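J.: Structure incoming, see below.
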Amino acid sequence: MVNSQSYFPSALLAAFCGNVRKTLEIREIGPQPEDKMLFEKLEKTYIPLMYPKDIMEILPASVPRAGQEGSSSNIHVVRAWMNYPPGWVEDWMISNADLAPVHAYLDFLRRARNRFNEVAEKMGYWNSDASHSLGHDRWSVGWAGSNLLSIAAYLYSLKSYNVSGSLLECGVFKGSSTACLSWACRELGLTLYSADSFAGLPSEEGHYNAADFRGSLDEVTRNVNQYGYPECVQFIPGWYSESLKNFAPTIALLWVDVDLQQSTLDVLNNVFPRLAKDAVIFSDGFTEGVDFDGYKVRHTGGEPAGFARFFEATGIGYKAMPGGAKGLALILPNCQEDEQPLFNASAFQYLLSLL
């Protein structure tokens with residue numbers, strides 16, 4: 001949604017773009033997103049999002065891009081960058097949607113949004129096994145809809161950079177995220193490994209009790225068969241402390257939705273060595289302004305506490321930031337302190353508002 005009464009000032013473009021206008025067609029910046037907070041975030045700081053390689057290659061040479069600094073730890077960070085006007089790259093993509101790489105990417109995002117929203121609608125049934133003390137598992141749709149688009153978009157970008165590996169999902173509930181992400185994996189030629197106890201949470205922690213968020217393997221399989229692409233999915237049943245001990249496939253993207261601190265540690269301790277060099281991690285359970293301390297994770301409980309403990313214990317460098325949807329975090333492992341992430345959640349939300 002956009003507010004037709006407010007616009008990005010064209011003077012801002014002139015001040016920042018300068019000679020870039022000579023080599024790149026830039027349209028008048030369109031309406032800002034209706035969410036004023038999003039616009040304010042874009043005004044404060046902006047660098048281009050981690051977009052697909054073939055799109056980054058046709059942007060001006062001055063735009064920071066993955067791997068432009070040979071000493072950078074991975075494709076997700078840079079040591080040198082330039083600030084650009086808010087929404088500059090996103091507006092350029094919309095204006096140049098006829099270019100094949102841009103068209104393919106925007107088309108993927110539109111189709112993913114339609115498909116994910118369809119799954120969210122069709123899986124919207126009451127959970128007869130609900131047990132959570134605050135009723136958080138009464139609705140059978142967990143992660144679905146537009147909330148998963150940043151994960152799908154990142155899978156697309158990883159594919160464009162030839163990052164090898166599969167998607168490992170830890171935490172399935174009733175299978176809504178599995179159904180959505182199986183579509184993305186089918187589009188991109190990837191395998192989705194979905195790990196869960198299929199008996200609910202293993203223990204008590206905070207407001208969670210053992211067996212909360214229970215979805216049987218039979219129920220999840222039915223949902224994925226009906227709303228997803230089961231040929232792309234391999235289920236891994238059991239408690240993570242045991243079921244993932246011998247997990248062998250290389251992981252391009254790890255998706256963690258396990259609620260508990262210990263479950264997060266069980267996942268990371270077992271599969272972190274299987275991450276590809278340029279792999280990324282997305283996690284549920286993060287609140288902006290609460291669970292982040294700059295680009296670090298605060299030891300606040302649940303998944304954030306699990307990540308904080310893991311990185312403290314291992315000494316592995318990382319960057320953590322909002323992941324493009326409420327409750328979502330993006331974690332980039334093996335980064336250095338002086339490196340700047342290319343991902344920008346506000347910029348990605350702005351792009352989605354233009355589609």
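J.: Over the Cα atoms of segment 149-263, what Rg and Dmax result, in angstrom?
T.: 14.0, 41
J.: Another one. Debye calculation, C-alpha points only, no solvent: report log10 I(q)/I(0) for segment 268-335 at q = 0.16, 0.18, 0.19 Å⁻¹, in the same order as the q values.
T.: For segment 268-335, the Cα-only Debye profile gives -0.47, -0.60, -0.67.
J.: So, one more: In the structure displayed, which of K174/K326; K53/K319; K277/K326; K159/K319; K122/K245 lie more than 29 Å apart, Cα to Cα? Can you show the working numbers first?
T.: Details: K174/K326 20 Å; K53/K319 21 Å; K277/K326 27 Å; K159/K319 21 Å; K122/K245 35 Å.
In this structure, K122/K245 exceed 29 Å between Cα atoms.
J.: Quick one: grab Rg to one decimal and Dmax as a whole number for segment 219-324, Cα atoms only, in Å.
T.: 14.8, 43
J.: In debye, nearest 20, what is the charge dipole magnitude of segment 236-318 about its Cα centre with +1 on Lys and Arg Cβ and -1 on Asp and Glu Cβ, if you could check? Show your work: numbers first, answer last.
T.: Values: 6 positive and 11 negative charges, 71 e Å.
Charge dipole of segment 236-318: 340 debye, to the nearest 20.
J.: How would you order 271-283, 98-110, 170-182 from highest to lowest mean count of nearby Cβ atoms within 10 Å? Walk me through the numbers on the way to the answer.
T.: Details: 271-283: 20.0, 98-110: 15.1, 170-182: 28.0.
The peptides rank, most packed first, as 170-182, 271-283, 98-110.
No value in this document is a laboratory result; all are computed from the given coordinates. Computed from a predicted model, the values in this text were never measured in an experiment. Please note: Cβ atoms are built from the backbone with ideal geometry, for glycine as well, and neighbour counts cover all protein chains shown.
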